[in-house]
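A.B. asks: After the structure tokens below, expect a handful of questions from me.
The values are calculated or read from the model by the stated rules, or taken from the named source; none is laboratory data. If you're wondering where the values come from, they're calculated on a predicted model, not measured in any experiment. No Cβ is skipped: glycine too gets one built from the backbone with ideal geometry, and neighbour counts run over all protein chains shown.
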Amino acid sequence: MIEVVGLTKKYGSTTAVDDLTFTVRPGIVTGFLGPNGAGKSTTMRMILGLETSSSGRALIDGKPYAALERPLTQVGALLDANWIHPSRSAKAHLKFLAATNNLPTARVATVLDLVGLSSVANKAAGKFSLGMKQRLGLASALLGDPKILLFDEPVNGLDPEGIFWIRNFMKQLASEGRTVLVSSHLLSEMAQTADHLVVIGQGRLIADCSTADFTERSSQSFVRVRSPRLPDLAAALQAAGIASTATGNGPDAALQVTGTPIEQIGDIAGRAGVFLHELSVQGGSLEQAFIELTASSVQYGDASKAAAATSSSGVRS
């Protein structure tokens, strides 16, 4: 488990991370989101002891990173896929890490196979594509078989097949009971990968909740209903105190219902004997929710839109 408590980082008069508190629990993938400059990478570096906090603390299973014995066996991280020496082969790089951390050499072949790099194990890392370097970084993070993993933008440079692979890979790691914290700007991918979200802006916590809850509470979603008996359904909804709006014509005619659970609408239709051709939730994407909630925290953007978003939304958990 990762615990961040009152974490603050200042560079002179600039506050990069501001009294940040959250917990990353095992068994799920936690997405770490925020606009550029929000403080995500700085926070991850402080968790790993690469930056010294101005105040507060970051603990890994109750201890600061510097107090861990054989840290590679407890924490694995991928923060920068380009840090590997370009002349060293993938296998040589991992053997070096294994030797300096007193890990079994046999583990090298295992992690190369896990990330799909066995066929290029003897190729110099400098000749790797960015996607291949990301995979090698993942192999390095997994070398000590740690229970806690931190990944900063791990899908950078990956093709669609690679993105699909890493999505399932992250889920598999979490299903094994590991603690997985993933930072990414690909919101559509995070919507499919992360079970829980920690969202920050300008170094401050904006939301700490499940992905579904973040999307539902932070953006305007509605239920779309189609039926050959729309007027009857509208009347039944009205009798239950639920307003609906008619949209479209002909085959596209539908009712739009806001603020009512989809199950309740289905139950009302059933009691009224109204057959439904469609009953679906529309809108409410993670991307939309993210834009709404972080608009006022974007370093460079449309100030008028930020002000409007600030006045119309707000989730703090």
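A.B. asks: When you go through Thr52, Thr42 one by one, which is the residue that is under 21 Å from Gln202 (Cβ atoms) and part of a loop (DSSP other than H, G, I, E, B)?
C.D. replies: Thr52
A.B. asks: Go through region 141-166 and give me each residue that's in a helix (DSSP H, G or I) and under 19 Å from Ile28 (Cβ atoms).
C.D. replies: Ala141, Leu142, Ile166
A.B. asks: What residue, of Val108, Val120, Val115, is buried (at least 20 other Cβ atoms within 10 Å of the Cβ), among the β-branched types (Val, Ile, Thr), more than 19 Å from Ser175 (Cβ to Cβ) and touching a helix residue (DSSP H, G or I) at 6+ places or on another chain (Cβ under 9 Å)?
C.D. replies: Unique residue meeting the criteria: Val108.
A.B. asks: Only one of Gly34, Gly27 is in contact (Cβ under 8 Å) with a residue 60 or more places away in the chain, among the small types (Gly, Ala, Ser), surrounded by fewer than 16 Cβ atoms within 10 Å (Cβ to Cβ) and closer than 18 Å to Asp208 by Cα; which?
C.D. replies: The match here is Gly27.
A.B. asks: A follow-up question, please. May I ask you to list the residues in region 95-120 that are in a helix (DSSP H, G or I) and of a type in the set (A, V, I, L, M)?
C.D. replies: Leu97, Ala98, Ala99, Ala106, Val108, Ala109, Val111, Leu112, Leu114, Val120
A.B. asks: Select the helices (runs of 4 or more DSSP H) contained entirely in region 193-289, then report the ones holding at least 3 residues which are modelled with pLDDT of 95 or more.
C.D. replies: Values: elements: 211-218, 230-239, 262-271.
Ranges flagged: 230-239, 262-271.
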